[in-house]
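Reviewing the structure listed below.
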Amino acid sequence: MASFLLFLSIISLLFPFISSSNSSTTIPLSFLNTNTNQDFYQKLTHLASFSLARAHHIKNPQDSSISNIPLYPHSYGGYSITLPFGTPPQKMPFVMDTGSSFVWFPCTKKYQCSKCPVSSQKNPTFIPKLSSSARVLGCSNPKCSWIHPKNSPKSLCHDCESRNRTNCKHACPPYMILYGSGSTAGIGLVETLNLPNKKIPNFLVGCSLLSSQQPAGIAGFGRGMSSLPNQLGAKKLSYCLVSHMFDDIPKSSMLVLDTVYEKSKNLIHTPLLKSPFIAGRNALAGYYYVGLRKITVGEQIVKVPYQYLAPNSKGNGGTIVDSGTTFTFLNHDIFVPVMNAFVNQVKGFSRTEKIERLTNLRPCFNVSGHKIVSLPEMKFHFQGDSEMVLPLANYFSIVGENDVICLTMVSDSRLKLSTGPSIILGNFQMQNFFVEFDLKNNMFGFRDQVCK
């Protein structure tokens, strides 16, 4: 940590080369591969562990017009987009993340990523000196407080006299961001984002020089000021996640950002709840909360306990939608009844505790020798009598040689009494669903459809 802080203190010295429409955009959305050598057991174990690490981060975060964008799925569990930054444009891959609000990319030829897969070394890094529009974010720029919301402008620019702040030439202090399974650090840039039908000048983006376990940049689509939808002035955000069966092949769906509002048709809606604003826990304000009331498994109803229905005065409780999480996380008090509902209703198949220990998924059932497997239907029931019926492939996965199936949701008894959201709806459960975040009217809409 000491060397990391030293890095932050001298990071600005590494930048001698930088001096101090239409109504919608559509972007392809796809998977991002980080380890092509994993077998299926390793992959599921990785995804379960990643989902739990992500849950730890989400629940205890550390503060720190129509545009169509292709959205690609990847075997590490997330979905990626490609965005061109700079003049001339440099195309950069990003993980699409509704659970955070900052946009950053690997930056400069000196970029280093520790504990990253070898395959990620092929990902491009942004070279600021090749862009005529790249500028270091100034300390007096209001966007500096988007990166450092805890600090007052005076404390950020302590070397500048308050009466001369407009002439202050100091750079905004470096950032350090902690994620569930890694971290990144760098300095802020204001740069041109080149979308298919428009250019967005002075877009705040992070230029990271050092990362840990982050195979690509991250595009934050949360509710925070620095998120991509907010900087574009989007009224709606929508996407359709292609199935994980297409991991790491060139198949994508579209992510759509609307800056002119038009009501969507044939969607089931539930309100987006107000995000909590808690001192010292700024990340909570960027989450998309929805009112999940109960879960049904076959004939059994699992009600969400009252204390978990919505965030309390300390920001604990509630349900969020997070594209950066793979397997849905359920608080221990919710997960156990859901698991038991499957155990009690699945007849004729034995549990395989060995596979459960190996993958960190439970329950798992041995279905070898059976051509037809009947499993209970699973539904999410939201505020406003909205109901999401999950396809079987969205909550059970085949493990190994088609002889074991496992529930693709996770929990952790250590988080039983922990803080933050109680339920995190992950992207695995949202496969082949069209989802829409109506940012103007604060509504979350969805419908099942084949994403392509």
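The values are calculated or read from the model by the stated rules, or taken from the named source; none is laboratory data. Please read these numbers as outputs of a predicted model, since none were measured by experiment. In this analysis, Cβ positions are derived from the backbone assuming ideal geometry, glycine residues included, and neighbour counts consider all displayed protein chains. When the accessible area is computed, the model is the full protein with side chains, heavy atoms only, and any ligands, DNA or RNA have been set aside. Shrake-Rupley method; radii C 1.70, N 1.55, O 1.52, S 1.80 Å.
Annotation note: Cβ proximity below 6 Å between a residue of the stretch 395-413 that is closer than 26 Å to Phe433 by Cβ and outside the structural domain of Lys59 (by the TED database) and a residue that is modelled with pLDDT of 90 or more and small (Gly, Ala, Ser) (sequence gap 6+ or interchain) occurs for Cys406/Ser397; Thr408/Ser397. If only residues of the stretch 348-385 that are acidic (Asp, Glu) and over 16 Å from Val297 (Cβ atoms) are counted, the one that is most open to solvent (accessible area, probe 1.4 Å) is Asp385. Looking across the stretch 78-125, just one residue is open to solvent by less than 30 Å² (accessible area, probe 1.4 Å), farther than 25 Å from Asn282 by Cβ and aliphatic (A, V, I, L, M), and that is Met92. Where strands (runs of 3 or more DSSP E) fall entirely within the stretch 178-246, those with at least 2 residues that are modelled with pLDDT of 90 or more and of a type in the set (Gly, Ala, Ser) are at 182-195, 198-212, 217-220. When you go through Glu353, Glu387 one by one, which is the residue that is among the acidic types (Asp, Glu) and within 28 Å of Gly99 (Cα to Cα)? Glu387 is the lone residue from the list that is among the acidic types (Asp, Glu) and within 28 Å of Gly99 (Cα to Cα).
Every condition in (1) surrounded by fewer than 19 Cβ atoms within 10 Å (Cβ to Cβ); (2) at pLDDT below 85 is met by Pro271 except one, and the failing one is (2). Within the stretch 294-310, the residues that satisfy the criterion of being in contact with a Ser or Thr (Cβ under 9 Å, 6 or more places away or on another chain) and surrounded by 15 or more Cβ atoms within 10 Å (Cβ to Cβ) are Val302, Val304, Tyr308, Leu309, Ala310. If the condition is being over 17 Å from Leu425 (Cβ atoms) and among the small types (Gly, Ala, Ser), then the stretch 301-338 contributes Ser313, Gly315. State which residue pairs qualify: first residue farther than 16 Å from Phe382 by Cβ and inside the stretch 308-324, second residue outside any helix (DSSP H, G or I) and of a type in the set (A, V, I, L, M, F, W, C) in any location, beta carbons under 6 Å apart, and separation of 6 or more residues or different chains. Hits for this filter: Gly315/Ile278; Ser323/Met96. Would you pick out the residues in the stretch 125-140 that are of a type in the set (Ser, Thr, Tyr) and either within 10 Å of Thr192 (Cβ to Cβ) or over 26 Å from the mean Cα position of the chain (by Cα) (or both)? Those that are of a type in the set (Ser, Thr, Tyr) and either within 10 Å of Thr192 (Cβ to Cβ) or over 26 Å from the mean Cα position of the chain (by Cα) (or both): Ser131, Ser132, Ser133, Ser140.
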